[in-house]
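One structure is given here, and the rest of the page talks about it.
The values are calculated or read from the model by the stated rules, or taken from the named source; none is laboratory data. Nothing here was measured: the structure is a model prediction, and the numbers come from that model. Cβ placement follows ideal geometry from the backbone for every residue including glycine, while neighbour counts extend to all protein chains displayed. Ligands, DNA and RNA are excluded from the accessible area calculation, which covers all protein heavy atoms including side chains. Shrake-Rupley method; radii C 1.70, N 1.55, O 1.52, S 1.80 Å.
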Amino acid sequence: MTVEHAKTTCHPVPKRLLDASQNPVPHVDSMKKYKSMWTESVEKPDQFFGNLARELLTWSKPFETVKHGSFAEGDVAWFLEGELNVSYNCVDRHALATPEKVAIIHEGDEPDQVRKITYGELLRLVCQMANTLKSLGVRKGDNVAIYMPMIPEALIAMLACARVGAIHSVVFAGFSSDSLRDRVIDCSARVVITSDEGRRGGKNIATKRIVDDALRDYQTHVEHVIVFRRTGSPIDWVEDRDIWWHDEMAKARTFCAPEPMNAEDPLFLLYTSGSTGAPKGILHTTGGYLLGAAATVKYIFDVQKDDIFACMADIGWVTGHTYITYGPLSLGSTTVLFESTPTYPNPSRFWDLIEKHKVTQFYTAPTAIRALRRLGDSWLKGKNLDSLRVIGSVGEPINPEAWDWYNEKVGQSRCAVVDTYWQTETGSIIISPLPGSHVTKPGSATLPFFGIKPEILDPTTGKILTEIGETGVLAVAQPWPSMARTVYNNHSRFVDTYLKPYPGYYFTGDGAYRDADGYIWVQGRVDDVINVSGHRLSTAEIESALVHHETVAEAAVIGGHDDLTGQCIHAFVSLKPNVDASEGLDKELSLLVRKIIGPFATPKRIYIINDHPKTRSGKIMRRILRKIVNGEQDSLGDISTLADQSVVPSLIAMVHGSK
Ligand code: WT7
């Protein structure tokens, strides 16, 4: 389908960025340089990535083979014979060279709670935690779950796992105990690391209690729960299982030799929602992942010596893994870890943080930008944001109004704005402008990063679409170092989801088109994944939570447009025969979803309906529900396949009020 796309403004590279008297020269400072690097990266990946991997990473044993395998075989591997340790690369080598340099700036929940950890200190802390894990019997290849708030100990725990070769699985602390349990069981975690409580926006979050609930009455492999004391509130204690972080650390030696890891040894698992079934444990490996993290921080954020990198994501999502922990630390930068919310204690919080810490790179999500824009410009008044050079956006397509506001008010029209497209599975950013070379267009993630060869494919035939403006599915034509290698314990699911739909390609699940300049415009998911405030949710998962309720017969969940959160959840629920909707049933169902998945999955609207729009074979036509919710009830398309067309007017009346 070809459509007319709105004309957009083009933004050249801000002059200041190329002015050597004001800034370090960007790593890529012209389109010519980008093009020649990109061409080399896709045409001679062995040469390009071999050199980059030697330049950016320290190997304890050099690799001989750069690239191996294919999408067709599902056997992609990089830097095959190479050995390295991620914690050595992120900590030791900087601790040895610049021990006094600040590695982590922790901006606590209250603005006056700032803690700085140098590389020298970080090395000792990571070693102590690594020794603690070892003393508990954790060995290379074991799994450790991390359920923590945004505190330095979360990063220390991740790096300690990497040091001993344990595979970490960070679970976002907004997930419910049910979701945590599923993940702990799936990866057979031996240890869970948590805190007594978290603090966010002035409120306490009962992390330990959620861990207790997750583990109670269930057969898991968890032998120990390590508890960091964050607030000191009283908590329940399970003798022989629970141990205090500070007790163990006090006993542990401050050096621990890093375990040499093969480039293809697993580094971490991160669970993410797909269109069907239970969340998948996306597995990332050591060498390729770290190279992607380091290379994108270097080139896409143009990180230079002495930069202060601030990514506002949560470490429970991949953005936090790559752009709070591994990317900035691998380059020896200073990373800012933010415990609070954009509006606590007031909506100046981000701008105060930038001013206070002289942040040079700032990275957040469109939903936060839209929310702050809505609260008005007065919150930015008098804030000195001059330190900023690159401001980034991630998680969903950014609408041009939000892009313009971000550029003008936050970037003061003198920063590069990078709209970065990627996924949990891609490990690091795959489509984005580079600050010193790309003309940007609000709403487009622009051009591919090094090593990425994107194609727009016809969704049905899989043929490459070449027509300008023609929307198809976004796929990648050749393997890149930081891509996921498998779904934990389920390689065929990995192959079926990403590699089989369009043979020879990696399938992203997103729709996109290219404009006349070859710029890519990502349109959002083409599968049953919805994106609420940059959080990825599967409609199937929410539906299965809803049918847990004893009165519910069937549920259909679709994504509606939302000005603030991008998409929001609308649930259509039918009840079992002979049950009437009880008072407050919608609230009960909403609570059920929160309990089973987590508060961020709360539906915006729940409609209790008599019948779903179904085909004669009994399949719910979600397309019809989606169109009704999004105000497109006048263009429902062919409804003749519906078993009962009379349900349509009643659904429209229910959603939009009867006319
Ligand atoms: C999905 C991946 C990895 C970043 C955090 C989300 C959407 C992400 C963009 C962007 C348009 C974007 C896609 C993608 N997405 N960034 N810049 N423009 N869409 O990671 O939870 O794995 O979600 O987020 O739909 O498939 P995730």
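Quick rundown of the values:
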{"quantity": "CD proxy at 222 nm, helix term only [per DSSP H run n ≥ 4: -39500 (n - 2.57); per residue of the chain; nearest 500]", "calculated": "-7500 deg cm²/dmol"}
{"quantity": "Spin-label model distance (nm) - Asp638 vs Thr461, 7 Å beyond Cα toward Cβ", "calculated": "1.9 nm"}
{"quantity": "Potential extension, Asp611-Lys383 segment - 0.36 nm per residue separation minus Cα distance", "calculated": "76.6 nm"}
{"quantity": "Sequence-distant residues sharing a close amide H with Asp242 (under 5 Å, placed H)", "calculated": "Val225"}
{"quantity": "Karplus-derived 3J(HN,Hα), 6.51/-1.76/1.60, for each residue of segment 150-159, Hz, glycine and proline x", "calculated": "7, 10, x, 4, 5, 5, 4, 5, 4, 5"}
{"quantity": "Contour minus Cα-Cα distance for Phe600 and Ser70 (0.36 nm per residue)", "calculated": "187.1 nm"}
{"quantity": "Over 21 Å (Cα to Cα) - which of Lys101/Lys356; Lys44/Lys441; Lys44/Lys500; Lys33/Lys409 fall in this group", "calculated": "Lys44/Lys441; Lys44/Lys500; Lys33/Lys409"}
{"quantity": "Computed label-point distance, nm, for sites Leu375 and Arg253 using a 7 Å Cα→Cβ extension", "calculated": "4.9 nm"}
{"quantity": "Shape call, segment 113-250: gyration tensor on alpha carbons, a/c limit 1.5", "calculated": "oblate"}
{"quantity": "GluC sites (Glu not before Pro) within segment 206-310: DSSP coil, no more than 11 neighbouring Cβ in 10 Å", "calculated": "Glu239"}
{"quantity": "Simple spin-label estimate for His561 and Gln412 in nanometres, 7 Å along Cα-Cβ", "calculated": "3.5 nm"}
{"quantity": "Gain on full stretching of the segment that runs from Lys116 to Glu223 - 0.36 nm per residue minus C-alpha separation", "calculated": "35.3 nm"}
{"quantity": "Percent carbon-and-sulfur accessible area, the chain, ignoring ligands, DNA and RNA, probe 1.4 Å", "calculated": "50 percent"}
{"quantity": "Per residue solvent-accessible surface (Å²) - segment 169-285, probe of 1.4 Å", "calculated": "42 Å²"}
{"quantity": "Kirkwood Rh in Å, taken over segment 428-506 so that all alpha-carbon pairs contribute", "calculated": "14.2 Å"}
{"quantity": "GluC sites (Glu not before Pro) restricted to segment 484-584 and DSSP loop, no more than 13 other C-beta within 10 Å", "calculated": "Glu550, Glu583"}
{"quantity": "Cα pair distances of segment 559-646 binned at 10 Å [whole percent]", "calculated": "15, 40, 35, 10"}
{"quantity": "Hz values of 3J(HN,Hα) by residue in segment 122-127 - Karplus curve (6.51, -1.76, 1.60), Gly and Pro given as x", "calculated": "4, 4, 5, 5, 5, 5"}
{"quantity": "Ratio of the Cα radius of gyration of the chain to 2.2 N^0.38 Å, where N counts its residues", "calculated": "0.95"}
{"quantity": "Accessible surface, per residue, of segment 586-659 when the full set of protein chains is kept, probe 1.4 Å, Å²", "calculated": "56 Å²"}
{"quantity": "³J(HN,Hα) computed for each position of segment 89-94 - Karplus, 6.51 cos²θ - 1.76 cosθ + 1.60, integer Hz, glycine/proline x", "calculated": "5, 8, 10, 3, 5, 7"}
{"quantity": "Three semi-axes of the equivalent ellipsoid, segment 360-506, Cα gyration tensor, whole Å, largest first", "calculated": "34, 17, 14"}
{"quantity": "Solvent exposure ordering (accessible area, 1.4 Å, most first) of Ser233, Ser273, Ser413", "calculated": "Ser413, Ser233, Ser273"}
{"quantity": "Solvent-accessible heavy-atom area per residue, rounded to whole Å², over segment 432-488 at 1.4 Å", "calculated": "27 Å²"}
